[in-house]
1. Restricting attention to region C:24-34, which residues are farther than 12 Å from C:THR109 by Cβ and surrounded by 11 or more Cβ atoms within 10 Å (Cβ to Cβ)?
2. Looking at (1) modelled with pLDDT of 90 or more; (2) among the hydrophobic types (A, V, I, L, M, F, W, C); (3) over 28 Å from B:LEU67 (Cα atoms), which is the only condition C:LEU101 fails?
3. Go through region A:88-118 and report how many residues are part of a loop (DSSP other than H, G, I, E, B) and among the hydroxyl-bearing types (Ser, Thr, Tyr).
4. Going residue by residue through region A:194-212, is there one that turns out to be modelled with pLDDT under 90, farther than 22 Å from A:ASN47 by Cα and not in a strand (DSSP E or B)?
5. Could you tell me whether B:PRO42 is surrounded by fewer than 19 Cβ atoms within 10 Å (Cβ to Cβ), at pLDDT below 90 and within 11 Å of another protein chain (Cβ to nearest Cβ)?
6. Tell me the residue from A:ALA43, A:ALA50 that is within 14 Å of chain C (Cβ to nearest Cβ), closer than 25 Å to A:SER21 by Cβ, touching a helix residue (DSSP H, G or I) at 6+ places or on another chain (Cβ under 9 Å) and touching a residue at least 24 places away in the same chain (Cβ under 8 Å), please.
7. On the basis of being surrounded by 21 or more Cβ atoms within 10 Å (Cβ to Cβ) and among the charged types (D, E, K, R), does C:ARG163 make the cut?
8. (1) more than 13 Å from chain B (Cβ to nearest Cβ); (2) free of Cβ contacts under 8 Å to residues at least 12 places away in the same chain; (3) buried (at least 19 other Cβ atoms within 10 Å of the Cβ): which one isn't true of C:VAL78, the others all being true?
Amino acid sequence: MIELQNVSLSYGDREVLRDLSLRLTERRIAIIGANGSGKSTLARLLNGLALPSTGDVLVDGLNTRKQGRDVRRKVGFVFQNPDNQIVMPIVEEDLAFGMKNCGFSKAEIAAKTAEILARYDLSDLREHPAHLLSGGQKQLIAISGVLVMEPDIVVMDEPTTLLDLRNKRRIARAVAALDQQVITVTHDLDLLTDYDRVIVIDEGRVFADGLPAEVIPAYQELMA
Amino acid sequence: MDTALKQGFATKDIVYIALFAALTAALGLMPPIHFAGAALPPITAQSLGVMLAGAVLGSKRGGLALLLFIALVAVGLPLLSGGRGGFGVLVGTSGGFLLAWPFCAALIGWLIERDSDASAVKTGIYVAIGGIALMYAAGIPWMAFIGKLGLTKSLTIMVAYIPGDLVKVVLATIIARGLRRAFPTL
Amino acid sequence: MLDLYSPGHSPLHRMRPSLKMGALMVGATLLMINQSLPITVAAALAILALYPLAQLTLKQAFAQVRPLLWIFVLFFAVQWYFSGLTLATYVVLRLAALILLASLVTLTTRSSDMIDTMTRALRLLRPLGVNPAKVSLAISLALRFIPVLAQIMTEVREAQKARGLERSVIAVAMPMAIRAIKMADDISDAIDSRGYRS
């Protein structure tokens with residue numbers, strides 16, 4: 001469970017988030033909002049990539065300010081552009097990267113690599129150079145690289161923005177099948193129908209918060 | 001800088017070092033400018049990477065970025081303009097220029113670090129000291145030695161490259177200053 | 001991966017990369033010390049003879065010196081004019097022999113094996129503060145970045161082409177560098193998110 005306690009964040013004199021207090025307990029949570037609303041910054045707060053100027057972010061009681069490393073093991077993070085997330089040149093090397101950092105054994109790494117590639121029907125790509133993959137394949141590899149580290153919570157920052165409709169749906173299916181709690185920042189309202197909670201951020205504050213059916217119309221009105 | 005040295009490099013420093021090594025490689029893909037027919041090798045954008053690494057990353061990271069680039073060339077990756085690479089290029093006529101690249105980047109970075117409020121002209125002079133003066137000082141004697149040419153004759157050949165290198169100095173200065181403005185925490 | 005390696009099973013292919021690099025250094029030094037034309041001719045022929053032994057064709061050998069043909073001609077002409085035919089032949093042959101010898105190492109060794117050898121050698125530098133793990137991360141990242149940057153450059157050049165600016169270095173390099181640095185910042189966050197200890 002992630003809890004934000006009176007969180008504010010400013011870059012210089014620009015206030016990006018203002019006094020947010022949230023308890024994120026639902027299995028599928030979406031954070032939506034306009035460009036520049038602060039929603040991406042909010043996502044980065046959740047695994048300690050960004051730290052609040054004031055207030056605290058707690059992940060299962062761990063403070064991102066002090067226990068950043070432990071928080072990052074619990075909270076996996078998927079970036080918008082998989083090219084900015086895939087670290088190693090070859091698919092299997094990239095999947096192994098996070099596991100090596102966390103001290104997995106060679107046998108575990110091999111087993112989990114094979115398992116995740118089979119899950120997404122990507123086994124043929126094991127020795128492929130990452131830069132030759134299609135956009136959808138890259139994003140699935142980026143997500144796989146996070147999942148093999150067995151996080152309790154997965155945060156995604158606009159994971160489908162760069163994808164075509166078919167690949168958007170492919171990613172949405174992959175996300176729907178996850179056992180973990182998922183918190184998705186997105187512009188993609190189609191993704192949200194089966195979500196448990198949608199939070200609308202506007203000018204650094206919570207504008208609306210509730211079930212998709214209640215909140216999405218309010219968001220569409222805000223954007224009109 | 002002192003604490004950075006003690007703690008070693010942060011993740012971001014390693015990423016920037018790799019990035020500028022890769023940027024130097026990618027600049028090798030810009031189409032070269034041919035001149036003097038085919039009598040002399042074409043001017044490439046690649047030494048722009050040397051100047052940028054020094055001017056943007058500073059002495060230590062900039063020097064290491066080019067050291068990494070040269071190491072990747074040495075192990076046989078075709079990263080030099082025209083798809084060249086391997087030990088053969090490093091022992092060839094332009095070997096002195098290439099092996100000097102890490103030092104050139106480091107010198108440019110060092111000069112700029114000492115004078116961080118330098119005007120555009122001064123920055124350009126610093127880039128030229130590392131990117132032309134030092135590079136030629138290392139490359140020309142090497143060429144003279146390998147080709148048994150004597151310094152004067154080697155120098156004569158290199159005169160043809162000075163205008164192109166001056167253009168690169170101007171470009172590197174403009175881009176480096178632009179990048180430092182866009183990313184003050186670089 | 002992009003590599004100048006030429007696959008094969010010759011003794012040279014199987015030789016340890018560190019040995020090959022050592023032999024190259026010794027050979028190159030000897031070539032530079034030697035001042036006699038007949039020895040240089042013999043050495044050049046001997047090195048050339050190693051090519052078929054390493055399952056390489058003479059065409060591959062020629063490809064190694066072809067990019068330098070212009071400078072061979074130039075050097076030969078200058079030396080001939082100022083110092084005579086013997087010295088001209090000596091200089092150009094020595095250069096060709098040097099390049100052929102060095103390329104032999106490159107052609108018979110996978111870059112990945114060479115990188116492994118290099119990172120292993122770096123352990124010796126640990127007392128100087130070199131961290132081999134960080135060096136190998138930097139190597140992998142650079143190899144990862146090169147195709148991505150090449151892609152970014154193509155995109156930027158296409159965009160500038162629409163404005164007739166595709167040959168302007170600044171119009172290509174500036175946006176390319178800005179995108180590259182943004183990518184680097186993200187990837188650095190991604191590395192930290194994936195449990196890397198710097």
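1. The first filter runs over region C:24-34 and keeps only residues farther than 12 Å from C:THR109 by Cβ, leaving C:25-34.
The answer is C:MET25, C:GLY27, C:ALA28, C:LEU30, C:LEU31, C:MET32, C:ASN34.
2. Here C:LEU101 meets the rest and fails (3).
3. Summing the residues that are part of a loop (DSSP other than H, G, I, E, B) and among the hydroxyl-bearing types (Ser, Thr, Tyr) in region A:88-118 gives 1.
4. yes
5. Yes, satisfied.
6. So the residue among A:ALA43, A:ALA50 that is within 14 Å of chain C (Cβ to nearest Cβ), closer than 25 Å to A:SER21 by Cβ, touching a helix residue (DSSP H, G or I) at 6+ places or on another chain (Cβ under 9 Å) and touching a residue at least 24 places away in the same chain (Cβ under 8 Å) is A:ALA50.
7. On the way: surrounded by 21 or more Cβ atoms within 10 Å (Cβ to Cβ): no; among the charged types (D, E, K, R): yes.
Spelling it out, it is not the case that C:ARG163 is surrounded by 21 or more Cβ atoms within 10 Å (Cβ to Cβ) and among the charged types (D, E, K, R).
8. Among (1) more than 13 Å from chain B (Cβ to nearest Cβ); (2) free of Cβ contacts under 8 Å to residues at least 12 places away in the same chain; (3) buried (at least 19 other Cβ atoms within 10 Å of the Cβ), C:VAL78 violates only (1).
The values are calculated or read from the model by the stated rules, or taken from the named source; none is laboratory data. Note that the structure is a prediction, hence the values are computed from the model and not measured. Here Cβ is always computed from backbone atoms with ideal geometry, including for glycine, and neighbour counts include all displayed protein chains.
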